[in-house]
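The structure appears right after this line, and notes come after that.
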């Protein structure tokens, strides 16, 4: 029988209660999603699953290019929510702008730059109000990334598929203006695309017909 590839599992404590109170996390649990990601070794080559229990996690998330093979695993996208409210003109983040960038590029509630990333059963949300301008829920600048049964919520520029190759299956994407955009090669299979107002849905940004990037939508 062939041996299974090595794996690592990290677990996150539930988020604070609505009143702001929080009990100390159980031994072996990380206090935040970012703390668990930070615990992944630099140059990681082992599939590492960060298990996120139900709850609303109000925090920006950054998966750097030094942290590959990371999986974020929720239970259901309706109950496991990663949310923040940055906009292109107002970024509040624990990482410096020299790392995450500025403007639309740097305002993602979740930013993924580590390759071979997987997310399953999670909502990625930018909770900035309608009319706030560019407000990215998720930016992906990484190759071989996959999203299963995830939701992407926002208004303008919700899902930024910036670079690399991505696969999305059984996902829900909503927005109002250019809410699926970037210059990646992406396959969206059996995904629900919901336009919240009249506007362009996609803005794939390749500059010429000679480029091989683009989006494919399969029902």
Residue 38-residue 129 pseudo-label distance in nm [points 7 Å out on the Cα-to-Cβ vector]: 3.2
Length added when fully stretched, residue 58-residue 45, from 0.36 nm per residue minus Cα-Cα: 1.8 nm
Rg and Dmax [Cα atoms of the range 92-219; Å; Rg one decimal, Dmax integer]: 13.5, 40
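What shape does the range 96-167 take by its C-alpha gyration tensor, where a ≥ b ≥ c are the square roots of the eigenvalues and a/c under 1.5 counts as rounded, a/b above b/c as prolate, and the rest as oblate? All intermediate terms of the calculation are to be shown ahead of the outcome.
Working: a/c = 2.19, a/b = 1.23, b/c = 1.78.
It is oblate, given that a/c is not under 1.5 and a/b is not larger than b/c.
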Cα-projected label distance for residue 31 with residue 189, points at 7 Å along beta-carbon direction, nm: 4.1
Virtual spin-label span in nm between residue 209 and residue 79, 7 Å along Cα→Cβ: 5.1
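What's the extension gain from residue 196 to residue 170 if we count 0.36 nm per residue and subtract their Cα-Cα distance?
On the way: separation 26, 0.36 × 26 = 9.36 nm, distance 1.92 nm.
Value of the extension gain: 7.4 nm.
When the chain is fully extended, how far beyond the present Cα-Cα distance does residue 65 get from residue 11, taking 0.36 nm per residue of separation?
Details: separation 54, 0.36 × 54 = 19.44 nm, distance 2.13 nm.
Result: 17.3 nm gained on full extension.
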Calculated Rg and Dmax of the range 55-156 using C-alpha coordinates, Å: 12.7, 36
Listed values (1) 40; (2) 32; (3) 48, entry calculated as percent of Cα pairs over 26 Å apart: (2)
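Sequence gap at least 6, Cα distance under 8 Å: using those rules, report the relative contact order of the chain to the nearest whole percent. Walk me through the intermediate numbers first.
Working: 616 pairs, mean separation 27.5, N = 219.
About 13 percent, as a whole number.
Just so you know, all these numbers are worked out from the coordinates, no wet-lab data involved. No experiment lies behind these values; they were computed from the predicted model shown. So basically every Cβ, Gly included, is an ideal-geometry build from the backbone, and we count neighbours across all protein chains shown.
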